[in-house]
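Asker: Got a structure for you, written out below as structure tokens; questions coming shortly.
The values are calculated or read from the model by the stated rules, or taken from the named source; none is laboratory data. Keep in mind the model is a prediction, meaning the values are calculated, not measured. Every residue, glycine as well, gets a Cβ built from its backbone with ideal geometry; the counts of neighbours run over all protein chains shown.
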Amino acid sequence: MTTVVLADDEALLRKALAALLPLEGDITVLAEADGGESAVEATLRHQPDVLVIDLEMPNVDGLAAITEIRRVRPGQVILMLTRHARPGVLRRALKLGVQGFVSKSAEPAHIASVIATLRDGRRWIDPEVSALAVMDDCPLSDRELDVLRVTGEGYSVAEIATRLHLAQGTVRNYLSSAMQKTQTQTRHEAARYAREHDWL
């Protein structure tokens, strides 16, 4: 029996998966979560074999929730669901140790099969997601992407430095380099450019 926590803010999809996954495999759904914060709480409380989590949720998104979960349960097996697997997001998810990546449009039988694959210690990335990763032409370094991501959230240079545990001068250097590479005039333009090109 494989135990699962389901985290998705779309109630209809979450309820459908909760009902259908046990029919498709030897799966027990221990809990459901409708956002990132409740996903962290449910995962840490129930300690499932596999966390099935949506990428895009309000307030605390899937990646932020996974980051928090990893601090407490570094070995947690995670399957990420998404409608639009951007290359930058895939890269960040893989860096966080996400073992599986599946489109939200996948059939429940396929999702159940992937859950079993992950439970057995293997990985699974849907072919279309792999293709996007191969096509990733982002010229920015991971750290440059980090500072642009926080810039896009509206933080000042000082706040970015605090959040990323960097010196303010280092943050300015990363921002300057990112602006040069994106041929933009301000850090906010650079962040917008990176987001429009699906690098964040």
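Asker: Can you tell which of Gly25, Gly62, Gly36 is in the same structural domain as Lys95 (by TED's automatic domain parsing), touching a Leu at 6+ places or on another chain (Cβ under 6 Å) and either among the aliphatic types (A, V, I, L, M) or at pLDDT below 95 (or both)?
Answerer: Gly62
Asker: Scanning for something in a loop (DSSP other than H, G, I, E, B) and either under 9 Å from the mean Cα position of the chain (by Cα) or of a type in the set (Lys, Arg) (or both), does the range 65-83 turn up at least one residue?
Answerer: Within the range 65-83, one or more residues are in a loop (DSSP other than H, G, I, E, B) and either under 9 Å from the mean Cα position of the chain (by Cα) or of a type in the set (Lys, Arg) (or both).
Asker: Do the conditions hold for Thr184, that is, is it buried (at least 16 other Cβ atoms within 10 Å of the Cβ), among the polar types (S, T, N, Q), more than 23 Å from Leu13 (Cα to Cα) and out of contact with any Ser or Thr (no Cβ under 7 Å at 6 or more places or on another chain)?
Answerer: yes
Asker: Condition check: within 30 Å of Cys138 (Cα to Cα) and without any contact (Cβ under 8 Å) to a residue 24 or more places away in the chain. Does Gly75 satisfy that?
Answerer: yes
Asker: Quick one: is Thr43 free of Cβ contacts under 8 Å to residues at least 60 places away in the same chain, part of a helix (DSSP H, G or I) and not assigned by TED's automatic domain parsing to the domain that holds Val147?
Answerer: Criteria met by Thr43.
Asker: Need the failing condition index for His46 against (1) buried (at least 17 other Cβ atoms within 10 Å of the Cβ); (2) at pLDDT 85 or above, just the number.
Answerer: Failing condition for His46: (1).
Asker: Name the helices (runs of 4 or more DSSP H) wholly within the range 91-200 that hold at least 2 residues that are in contact with a Gly (Cβ under 8 Å, 6 or more places away or on another chain) and not assigned by TED's automatic domain parsing to the domain that holds Ala19?
Answerer: 187-196
Asker: What's the total number of residues in the range 10-29 that are within 17 Å of Ala42 (Cβ to Cβ), touching a helix residue (DSSP H, G or I) at 6+ places or on another chain (Cβ under 9 Å) and either part of a strand (DSSP E or B) or among the charged types (D, E, K, R) (or both)?
Answerer: Final tally of qualifying residues: 3.
Asker: Oh, and also: Restricting attention to the range 3-28, report how many residues are β-branched (Val, Ile, Thr) and crowded, with 19+ Cβ neighbours inside 10 Å.
Answerer: Qualifying residue count, the range 3-28: 3.
Asker: Report whether or not Leu96 is surrounded by fewer than 21 Cβ atoms within 10 Å (Cβ to Cβ), within 15 Å of Leu6 (Cα to Cα), of a type outside the set (Val, Ile, Thr) and touching a helix residue (DSSP H, G or I) at 6+ places or on another chain (Cβ under 6 Å).
Answerer: no
Asker: If you don't mind, another one. Determine the pairs where a residue that is closer than 15 Å to Arg149 by Cα, located within the range 161-189, has a partner that is small (Gly, Ala, Ser) and surrounded by fewer than 15 Cβ atoms within 10 Å (Cβ to Cβ) with Cβ atoms under 7 Å apart, the partner being 6 or more residues away or on another chain.
Answerer: Ala161/Ala167
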